[in-house]
Structures are given as structure tokens and as C-alpha cells.
Amino acid sequence: MLLEFRVRNYRSYSSEKRFSMVAGSGKELPGNTMMVDGFDRYPLVRCAAIYGANASGKSNLVSALGFFRSFVLRSSETRREGEPIPVQPFLLDPELSTKPSEFEITFLFQGVRHQYGFVVSTERVHEEWLTVYPKGKPQEWFHRTLDETGKPAWSWSRTHLKGDKLQLAERTRDDALFLSVAAQWNHPQLKPIREWFANQFKVVPKDFRATNFTHEHILENLESLEWLRKILRAADIGISQILVTVKESEDLPYPIEKFHVLKFPHYGSSIDKKPSMTPRTLSRPKIVVHTTRRLAGSDKEIEWGLEQESDGTQRMFKLLGPIYDVLRDGSVLVMDELDTSLHADITRELVQLFNSPETNPNHAQLIFTTHDTSLLDSTLFRRDQIWFTSKDASGATDLYSLQDFSPRKGEAFQKGYLAGRYGATPVLKRFEFTPSNASGARGTGE
């Protein structure tokens, strides 16, 4: 579970900004919070929404989290000579534009608080550290810095971090993270931490492609079939059944048809695996989804491809796979523009899946950006679950929570936000349009 994320000098974030999933002192909506082992001082919130004007820094926060995850997972891979690390400092300040960016995540793993961060430029890692808090007491497992000559300098925990640390340090390139390299070499303590970022921390940009991910869930997991059926029925989008087929591939000598069928209100499924089919070839065919709708006044149904459904229906298919995965595993999902192409009521129900202890018993967390102000509702969110981004005169992003404003009990959050009470809204001038032939131009109807 995520407790806090800290970022400095990355894209529109110039000074240090902190985003927290630790609940405040408010007593409203107690079901939206959870107490977890390893961090029993304060509850955590299950969900957080981030609002702000266009270009205010919402997507840059998601980008910072995505870069953090990607760099942990891939920095140990060999880079082409001269290939820069894909990190971008704040460019609107000449001094900051030449300095490295800083990131830190505090999270719970196996019931223990971990604090891991690094400082990085496009050329190299300047600093890296990991502090672990078993029973609430800090243990600095390692801290990597640069000495006066620009060479790495290391400090280790002699008692808490096991293994041949010097050998792993020698294998760590200047442009790679020690955590990534140690995990690559199967370090028994650091590899599981890297796996937390791979399996328990998901970052989804707004242009993500998760359709195949959802289709694979449909094919492989009967529980997800049942869950998907219930969600789509509740969404009232008119689908009577779903047909999932596997398109013939050049690697397969035979076609596979009706590989799985999901029907409403009942579903049936059958898998026809030929003896020669292997997991290797099974992953190659293209999964195709068809939906059917019942013709009014008859028992007949018409079938068409998922691509012929509305953008909102296709968007739901993309979302439901990752959402099911996160709710099942109790992991963290960060999503940019959750509400794209979705009706406000559907977005609200997706949020409630995370907010409710009944539908989220495994303590999954959802963090998302949105422009849907109808979600700014005190019956849906606590004050500490709503965050805002705004830009100052220098173009830098400010990140803050609604609880900083201490809104009174029962205050209409949506009305206050649209009135500019919390900032994070655009200051617009009237849009104008003057046609180039406005003076003396005459129509052609004479």
C-alpha cells in the first residue's frame, strides 16, 4: 500500500511536493479509510481524486509515479551508448533545468514500512537510499551518494542487509539503480521489493492499451467472468452476451472458435484445447470480442465486434481488467483521467468499488485524475481524499489537499470548487473569433 510520494524538480514540479494517502483527523465516511498492519498510527484512505485545470500538473504527477516505477523495473537493462535516462527537470528555471530530479515513495510491504528514493539526471544516478521500519524503528539498509570526484560512495547496514554488497555495487552502472541490479542478481531481500513495484504498483496513463489484458482475464478466470457479467449488467449498456473468440494465427494449423462465451443473465464457458496447443502458441492468436444485443420484441440477437460499441463501452472493457486485478490482489492503481468517455454515474460506481470495505476487502488503493466535478461530493469523498493542482506565476505546479481549506461540515465541494474557492480552476478570458473576411464580405446567396 502507498503511504506517500515525494517529487522535486520533475516537469512542472519545481519545489518539493508531497502526495499522501494517510488519512487526516476527520471522522466523516470512516468506511473510506482502512487500518493496516505495519502502520497502525493512522488509517489510510482507499481512494484519492486529483483535480486541476488543463496543464496544471495532474498528468505530470501520474508521469512522475510512472517514471519511478519504470526506472526501478528497467534501469538494470543495458542501455545503448549515449542513451539518456528519460527524466525531465523543470525547464522554466535555468538553474533547476541543469539539476537532477528527486523522487521518494513510502509504502507498506509485508507489513513493514519502506522508504525508497533516488536522485537522477539524464546522465546518471546521483543518490539512492532505502530505509526500512520493522516495528517502527528505522534501519538504513543502504545509501548511495557521490564523492568529491564524482565516484559512487556507499554506506551499508552491516547487520540488516545481507549478501555481498560490494560485488553488487561494482555491477551497478552509473545510470542504473542499485535496487534494480541487486534484484536482477536475485538478492533475497531486495528482489521482493522490486517485485512489489512490478506486481503491486500499477500506473496507467490516459492513452493506455489494456484491452488484451482484460480479454485474457475473461479467457483465463471464471471468477472474473462472473464479476464482469455483474458489472456490465449493473451498467445497463444493453449487451445481452459477450462472445470471445481467438482468431486463427499463422502459427496455428487450425482455427479456434467460440473459445469462451459469456452470457446474460447466465453464462457458459468451454475451452477447446487441441493436444498440440502449448502455452507458447496459445499466447500468439489474436483475441477478438463480439457483443450481442437482443432485437426488440423478439428472441433474436444481433452480433457485432467490440470496436462497433460506443467509446464508453470500449473504455469500460479496458478498465475492468486492471480494476479486477487490483481489487483481487489488494494493490495500488494510479490512473490518469479515469472518467474519459464514461458517464458520471459509472465513474462514481467504479470509485465506490474501492471506497467500500465490502467490495474492497483486500485494501486496494485507487489514485486518479479527473475533470468530473460531480464526484466532488461529501457523500463520496472525505476531504483528505480530494487533491488539487494549480500553477503559479513561474509555471510551477502546486499540489495540495482539500483538507488544507478546512471546509465546514456538509459544505458543497463541487459548488466551492467551481466558484474558485479552492483554486485549481482556469482563469479564462472570453473566447473570440473574428473571420478574416468579416468586413465587406457578402454571402453567395444573392
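Bear in mind that the values in this text are calculations on the coordinates, not laboratory data. What you see is a predicted model, and the numbers here were worked out from it, not measured in a lab. As a convention, Cβ positions derive from the backbone with ideal geometry for all residues, glycine included, and neighbour counts pool all protein chains shown.
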Sparse-neighbourhood loop sites, chymotrypsin sites (Phe, Trp or Tyr not before Pro) in region 388-431 - DSSP loop, at most 12 other Cβ within 10 angstrom: PHE431
- line: Any residue on another chain or 5+ positions along whose placed amide H is under 5 Å from the amide H of TYR10 is listed here as PHE90
message: Could you derive backbone 3J(HN,Hα) for region 319-327 from the dihedral phi with the Karplus parameters 6.51, -1.76 and 1.60 (θ = phi - 60°), listing whole Hz in sequence and x where the residue is Gly or Pro?
response: 6, 5, x, x, 5, 4, 4, 6, 5
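Using the Cα atoms of region 317-408 to build a convex hull, what is its mean projected area in square nanometres? Walk me through the numbers before you get to the answer.
Values: hull surface 28.7 nm².
For region 317-408, the mean projected area of the Cα convex hull comes to 7.2 nm².
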- prompt: For region 1-155, what is the largest minus smallest coordinate of the Cα atoms on each principal axis, given in angstrom and ordered from greatest to least?
  reply: 52, 42, 26
statement: For the VAL22, SER97 Cβ pair and Förster radius 30 Å, calculated FRET efficiency rounded to 0.05 is 0.40
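Which loop trypsin sites (Lys or Arg not before Pro) in region 1-49, with loop taken from DSSP, have no more than 12 other Cβ atoms within 10 angstrom of their Cβ? The partial results should precede the final answer.
Working: sites: ARG6, ARG8, ARG11, LYS17, ARG18, LYS27, ARG41, ARG46; in loops: ARG11, LYS27, ARG46.
Hits after loop and neighbour filter: LYS27.
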- request: Mind listing the long-range amide H neighbours of GLU4? Cut-off is under 5 Å, sequence gap 5 or more, other chains count too, H placed in the peptide plane at 1.01 Å from N.
  value: MET21, THR106
Under 16 Å from the LYS191 label point (7 Å along Cα→beta-carbon), backbone N, region 147-174: 162-165, 168
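Test of understanding: what is the full-extension gain from ALA153 to SER394, defined as 0.36 nm times their sequence separation minus their Cα-Cα distance?
On the way: separation 241, 0.36 × 241 = 86.76 nm, distance 3.56 nm.
83.2 nm is the gain from fully extending ALA153 to SER394.
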message: Give me, ordered by chain and number, the residues 5 or more places off LEU130 or on other chains with an amide H under 5 Å from its own placed amide H.
response: TRP141, PHE142
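Relative contact order for region 316-422: what is it in percent, counting Cα pairs under 8 Å that are at least 6 residues apart?
On the way: 112 pairs, mean separation 24.0, N = 107.
Relative contact order comes out at 22 percent.
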message: Apply the Karplus curve 6.51 cos²θ - 1.76 cosθ + 1.60, θ = phi - 60°, to the phi angles in region 174-183 and return the couplings in whole Hz, x for Gly and Pro.
response: 4, 9, 10, 8, 4, 4, 5, 5, 4, 5
